[in-house]
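Notes for the one structure printed next.
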Amino acid sequence: MGVEGAARCIKFLVFIFNFLFFVCGIGLMGVGIFVQLKIGDFAELSTVKYVTGSILIIIVGAFIALVAFFGCCGAVKENTCFLGIFFGILLLILCAEIAGTVLGYIYRGKVEKNLRTDLNNSIALYGEKGQDGITKAFDSLQQKEKCCGVNNYTDWQRSPFSNGSHDKVPDSCCHDKKPGCGEKWKTNPPESEIYKEGCYGKVETLVKDNLMLIFGLGIGVAVIQIIAMIFAIILICKIREQGSFA
């Protein structure tokens, strides 16, 4: 015999919320992947491992999508065991989400403090033996964000890479990237024209905006989870009260 009255309504709400969970889980995974693709290259250049927040959000999103199965089965079959598992996993996910969103918010404040230092340190190591990761990451950053140097392109003049030259910049600074264009940008314009704007401002905005996106989405999903957890507990109690044990 199935549950009746208010319990039936709660059962329906639990099912609906699980569908929302599935959608939210896929959404979180999508946002996490998007942010990771946008700022993942910068991880090699930064001492602030804020990208951990996006990775955590991807994992949480996958778990949310999977745990929706237990909630749906528990609600449809009125199975208190499944509903209990559903509640327990949601509680763990909620804790992970809180950790991820707090991590993102805390690191948002540290970005400005450490960003300029990290970028300057990276320029000093650019092109050096054994620093392929930093070199590739900086090249990717300059090409994607259409920037050159930290404050502007002249930062490369005082780097070991330029070897004292006032005209040499990495090829990744060029609008039309070609081998050697970073050394010929003054002699062969406009094909080898370089980006003059520095990367600091662009990366700072990029990182902060994406971390706040994770934070806002995490808060929204957490609110939905808490409501669903409350409904799940109420439904378990109602099933037991009416003697509809699984």
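The values are calculated or read from the model by the stated rules, or taken from the named source; none is laboratory data. All values reported here derive from a predicted model rather than from experimental measurement. Note that each Cβ is placed from the backbone with ideal geometry, even for glycine, and that neighbours are counted across all protein chains shown. Remember, those area values only see protein heavy atoms, side chains included, never the ligands or the DNA or RNA. Shrake-Rupley method; radii C 1.70, N 1.55, O 1.52, S 1.80 Å.
Considering only region 109-158, state which residues are within 21 Å of Lys186 (Cα to Cα), open to solvent by 50 Å² or more (accessible area, probe 1.4 Å) and in a helix (DSSP H, G or I).
Result: Gln143, Tyr153, Gln157, Arg158.
Residues in region 176-196: is at least one under 30 Å from Ile57 (Cα atoms), in a helix (DSSP H, G or I) and among the small types (Gly, Ala, Ser)?
The answer is no, given that none of the residues of region 176-196 is under 30 Å from Ile57 (Cα atoms), in a helix (DSSP H, G or I) and among the small types (Gly, Ala, Ser).
Check Cys181 against each of (1) open to solvent by less than 10 Å² (accessible area, probe 1.4 Å); (2) within 14 Å of Gly149 (Cα to Cα); (3) not small (Gly, Ala, Ser) and name the one condition it does not meet.
Just one mismatch for Cys181, condition (2).
Got at least one residue in region 192-204 being open to solvent by 40 Å² or more (accessible area, probe 1.4 Å), of a type in the set (Ser, Thr, Tyr) and over 14 Å from Leu119 (Cβ atoms)?
Within region 192-204, none of the residues are open to solvent by 40 Å² or more (accessible area, probe 1.4 Å), of a type in the set (Ser, Thr, Tyr) and over 14 Å from Leu119 (Cβ atoms).
Can you tell me which residue among Gly149, Gly127, Gly164 is small (Gly, Ala, Ser), over 24 Å from Thr205 (Cβ atoms) and modelled with pLDDT of 85 or more?
Only one candidate passes the filter, namely Gly127.
Please find, within region 48-70, the residue that is surrounded by the most Cβ atoms within 10 Å (Cβ to Cβ) out of those that are modelled with pLDDT under 70 and more than 11 Å from the chain's Cα centre (by Cα).
Val48
Just to verify a result, which residue in region 218-233, among those that are among the hydrophobic types (A, V, I, L, M, F, W, C) and open to solvent by less than 60 Å² (accessible area, probe 1.4 Å), is modelled with the highest pLDDT?
Applying the filter and picking the extreme gives Met229.
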